[in-house]
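Beneath this line is the structure, given in structure tokens, with notes to follow.
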Amino acid sequence: MRRVGILLADLFDEREFLYPYYRVQEAGYTPLVIGPEAREYKAKSGFAWKAEVSAREAGEVAGLLIPGGFAPDYLRRSPEVLSLVRKVAEEGRPIGAICHAGWVLISAGLVRGRRVTGFASIRHDLENAGGLYQEAGVVVDGNLVTAQGPKDLPGFLLAFLELLAKG
């Protein structure tokens, strides 16, 4: 299985979507863009991209990436998205969450007792959900890779791709 899921919803950060999209391709994986529904979503800038499948239809993925922006606030409202995130976590597959994507991890119940980071404004959300917040650009805890923001994309994808390579 060489597909990597990338979650998408309106108001996503296009940098945190496009950079991972092309990096997973360069690493030999096929990106599968997944939304709450299979439709076009608009980034904060107005840039748009279509989710190929809904979270319900996603099937098996080798790993899952969650871009930030304000999209995570929409993603965490979808029971199907949260179910997919939990399934990937339970299977021990890599999950990467950057910037505000920690909100999705919180709603999926995945941060308690885990070392995590995220955008400064969600620090208290992560801590209140039981996460062990680290003031670092990128944090790896088991199969979970979290990052603070766009400046951390290179290290975030290196860590995520290393976990994918381990299988």
Ranked order, 87, 50 - accessible area, probe 1.4 Å, largest first: 50, 87
Ellipticity estimate at 222 nm from DSSP helix runs (n ≥ 4, -39,500 (n - 2.57)) divided over the chain, nearest 500: -9500 deg cm²/dmol
Karplus-derived 3J(HN,Hα), 6.51/-1.76/1.60, for each residue of the range 71-78, Hz, glycine and proline x: 4, x, 5, 7, 4, 6, 8, 9
Residue 125 - accessible surface, heavy atoms, 1.4 Å probe, Å² rounded to 10: 60
Rounded to the nearest 10 Å², the accessible area of residue 119 at probe 1.4 Å: 90
Lysine-lysine proximity count for the chain, Cα under 24 Å, sequence distance 8 or more or distinct chains: 5
Under the Karplus curve 6.51 cos²θ - 1.76 cosθ + 1.60, θ = phi - 60°, whole-Hz ³J(HN,Hα) for the range 80-85, x wherever Gly or Pro sits: 5, 5, 4, 5, 4, 4
Structure-derived mean projected area of the Cα convex hull in nm² - corresponding label in (1) 7.9; (2) 10.3; (3) 12.3: (1)
Heavy atoms of residue 124 accessible to a 1.4 Å probe, total area in Å² rounded to 10: 120
Amide H within-cut-off set for residue 115, under 5 Å, with H built and near neighbours excluded: 132
Within the accessible area of the chain (1.4 Å probe), percent carbon and sulfur: 51
Other-chain or far-sequence residues with amide H under 5 Å of residue 97's (modelled H): 66, 145, 146, 147
Between the range 138-167 and the range 35-71, the Cα center-to-center distance that results, in Å: 19
Residue-normalised accessible area of the chain, given per residue in Å² at a 1.4 Å probe: 43
Per-residue ³J(HN,Hα) for the range 106-118, Karplus 6.51 cos²θ - 1.76 cosθ + 1.60, θ = phi - 60°, Hz, x for Gly and Pro: 4, 5, 7, x, 10, 9, 3, x, 9, 6, 9, 9, x
Distant-in-sequence amide H partners of residue 63 (H built 1.01 Å from N, under 5 Å): 5
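The values are calculated or read from the model by the stated rules, or taken from the named source; none is laboratory data. Here the structure is a predicted model, which is why all the values come from computation and not from measurement. Heads up: the accessible areas ignore ligands, DNA and RNA and are worked out on the full protein's heavy atoms, side chains in. Shrake-Rupley method; radii C 1.70, N 1.55, O 1.52, S 1.80 Å.
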